[in-house]
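Structure first, commentary second.
Quick note: the coordinates plus some simple rules give every number you see, no bench work behind them. Treat the numbers as computed from the prediction; the structure is a model and nothing was measured. No Cβ is skipped: glycine too gets one built from the backbone with ideal geometry, and neighbour counts run over all protein chains shown.
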Amino acid sequence: MTDSEKSHDRPVKPALLRGFLRRCPKCGQGHLFDGYLSVHDACPACGEPMHHQRADDGPAWLTMLIVGHLMAPLLHVYFVKFRPEPLELFALFSVGCVALSLALLPRLKGLMIGFQWSRRMHGFSGS
């Protein structure tokens, strides 16, 4: 199989979307995770092996990057417009940062696994 054939048989966009939705990047049916961040060894629906994925610290880094870039401007605007008490500001934005981080982390990990699968990285070269 040539390089151009390999790049077209696993399109990136659907794999990224399926991963972001926490589904198998190959079939889109099986759940990618066994828990909050634990990846199944293989897809429960199609059997695609997932044990060799290497997301490592990438999802955490992306989560911090996105949450920081969203919450910092909001913090500034909220402070300038309303001049809240420090405790109110802390309570509101700490809860917001934690909630957004917890929501994004598994989705970004799925996104990275989908990218690895589509590009045949880290053992996803078979099948």
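Some observations on this one:
- Neighbourhood charge, 13 Å Cβ-Cβ cut-off, centred on Leu37 and excluding it, Lys, Arg +1 and Asp, Glu -1: 0
- Length released on extending from Glu85 to His31, taking residue separation times 0.36 nm less the Cα-Cα span: 15.1 nm
- Simple label model, 7 Å out from Cα along Cβ direction - Leu21 to Cys97, nm: 3.3
- Selected from His31, His76, His40 as most flexible by GNM, with the chain as the system and alpha-carbon contacts under 10 Å: His76
- Across segment 44-73, the residues whose backbone nitrogen lies under 20 Å from the label position 7 Å along the beta-carbon direction of Arg10 are 44-59.
- Computed from the C-beta positions of Leu74 and Arg107 and an R0 of 22 Å, the FRET efficiency is 0.65 to the nearest 0.05.
- Likely footprinting exposure, Trp117, Trp61, fewest C-beta neighbours within 10 Å first: Trp61, Trp117
- Between Lys81, Lys26, Lys13, the Gaussian network model of the chain with springs among Cα atoms under 10 angstrom shows the greatest mean-square fluctuation at Lys81.
- 12 Å beta-carbon shell around Arg23, net charge (K/R +1, D/E -1): +3
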